[in-house]
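**Q** Here it is, the structure, as structure tokens.
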Amino acid sequence: MRYQEEIRDLFSVPSDYYFAHCISADFAMGKGIVLEFNKRFDMKRRLKQKYPNYLEQYRAQSLDGDCILEDRVFNLITKERYFHRPTLLTMKAALQKMKQQCCENGITKIAMPTIGAGLDRLNWADVVAQIKSIFEDTDIEILVCKLK
């Protein structure tokens, strides 16, 4: 794994990068950087159309985190409802599923914001430790794009 943090616009990365961001299982997507993902990828509509009963399935399977790859975007599902807070357990499960999808699909470059540490209020140092631990045995490049 190659890990790097830069101060830059997330959406300025080259087109061979996939993106990752956190969402809730209800696909509410009403605040934060997800608004830009919706603007650029029409993500909310696409997910609701493709997975109309996702929240019920998430609950029924008692998932502790998930990851849906849509287009070039990893949607890390780290909480059930938009007003809930994720935990390090749900973040870990979502990251592990993202890793699995990367390996299955030959994806080697991911760009992301400081996932879980903005509106979701997880400690960024804890999230970084999980990212590094989960991806340490891969050739995946992870670029974290931070705001100024």
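The values are calculated or read from the model by the stated rules, or taken from the named source; none is laboratory data. This structure is a prediction, so every number in the text was calculated from the model and none was measured. Note that each Cβ is placed from the backbone with ideal geometry, even for glycine, and that neighbours are counted across all protein chains shown. Please note that ligands, DNA and RNA were not included when accessible areas were found on the heavy atoms of the full protein model with its side chains. Shrake-Rupley method; radii C 1.70, N 1.55, O 1.52, S 1.80 Å.
**Q** Using alpha-carbon pairs under 8 Å, 6+ residues apart, how would you state the relative contact order of region 1-141 in percent?
**A** Relative contact order here is 32 percent.
**Q** So, one more: Any of LYS39/LYS146; LYS97/LYS148; LYS48/LYS148 with alpha carbons more than 28 Å apart? Name them for me. Show your work: numbers first, answer last.
**A** Working: LYS39/LYS146 19 Å; LYS97/LYS148 30 Å; LYS48/LYS148 33 Å.
Long pairs (Cα-Cα over 28 Å): LYS97/LYS148; LYS48/LYS148.
**Q** Please determine, in degrees from 0 to 90 and to the nearest 10, the orientation of helix 88-105 with respect to the longest principal axis defined by the Cα atoms of the chain, where the helix direction is its Cα long axis.
**A** Rounded to the nearest ten degrees, it is 70.
**Q** Any aspartates and glutamates with Cα under 12 Å of the LYS92 Cα? List them, leaving off those in the same chain fewer than 8 positions away.
**A** Once the sequence-local aspartates and glutamates are set aside, what remains near LYS92 is ASP64, ASP66, ASP126.
**Q** Set the Förster distance to 25 Å, then compute FRET efficiency between ASP137 and GLN4 from the Cβ-Cβ distance, nearest 0.05.
**A** 0.90
**Q** Ok, one more. Please get the size of the charge dipole for region 1-97, origin at its Cα centre, with Cβ charges of +1 on Lys and Arg and -1 on Asp and Glu, quoted in debye to the nearest 20.
**A** Here region 1-97 has a charge dipole of around 220 debye.
**Q** Whenever you get a sec, compute what percent of the accessible area on the chain sits on carbon and sulfur atoms (1.4 Å probe).
**A** 48 percent
**Q** I would also like to ask the following. Which chymotrypsin sites (Phe, Trp or Tyr not before Pro) from region 33-101 combine a DSSP loop assignment with at most 13 other Cβ atoms within 10 Å? It would help to have the intermediate numbers written out before the result.
**A** Details: sites: PHE37, PHE41, TYR54, TYR58, PHE74, TYR82, PHE83; in loops: TYR82, PHE83.
For chymotrypsin sites (Phe, Trp or Tyr not before Pro) across region 33-101 that sit outside H, G, I, E and B with at most 13 neighbouring Cβ atoms in 10 Å, the list reads PHE83.
**Q** Between ALA125, ALA25, ALA111, where does the largest GNM mean-square fluctuation fall for the chain, given springs only between Cα atoms within less than 10 Å?
**A** Ranking ALA125, ALA25, ALA111 by mean-square fluctuation puts ALA125 first.
**Q** Charges at C-beta only: +1 for Lys and Arg, -1 for Asp and Glu. How large is the resulting dipole of region 36-148 about its Cα centre, in Debye rounded to 20? If you can, show how the numbers build up before the last one.
**A** Working: 20 positive and 15 negative charges, 117 e Å.
Charge dipole of region 36-148: 560 debye, to the nearest 20.
**Q** Counting only heavy atoms of the protein chains, get the accessible area per residue of region 14-148 (1.4 Å probe) and round it to a whole Å² value. Display every interim value, and only then the final one.
**A** Details: 6880 Å² over 135 residues.
Ligands and nucleic acids excluded, the figure is 51 Å² per residue.
**Q** While we're on this one: Can you give the calculated 222 nm mean residue ellipticity of the chain, where each DSSP H run of n ≥ 4 adds -39,500 (n - 2.57) and the sum is split over every residue, rounded to the nearest 500 deg cm²/dmol?
**A** -10500 deg cm²/dmol
**Q** Another question about this same structure. Give me a comma-separated list of calculated 3J(HN,Hα) values for region 26-42, in order, Karplus coefficients 6.51, -1.76, 1.60 applied at θ = phi - 60°, integers in Hz, x for any Gly or Pro.
**A** Computed from phi, the couplings for region 26-42 are 8, 6, 5, 6, x, 9, x, 5, 4, 4, 6, 5, 5, 5, 7, 10, 6 Hz.
**Q** Right, here's the next one. I want to check the label-to-label distance for LYS39 and LEU88. Put each point 7 Å from Cα in the C-beta direction and report it in nm to one decimal.
**A** 3.4 nm
**Q** Can you list which of the trypsin sites (Lys or Arg not before Pro) found in region 1-36 are DSSP loop residues with at most 15 other C-beta atoms within 10 Å?
**A** For trypsin sites (Lys or Arg not before Pro) across region 1-36 that sit outside H, G, I, E and B with at most 15 neighbouring Cβ atoms in 10 Å, the list reads ARG8, LYS31.
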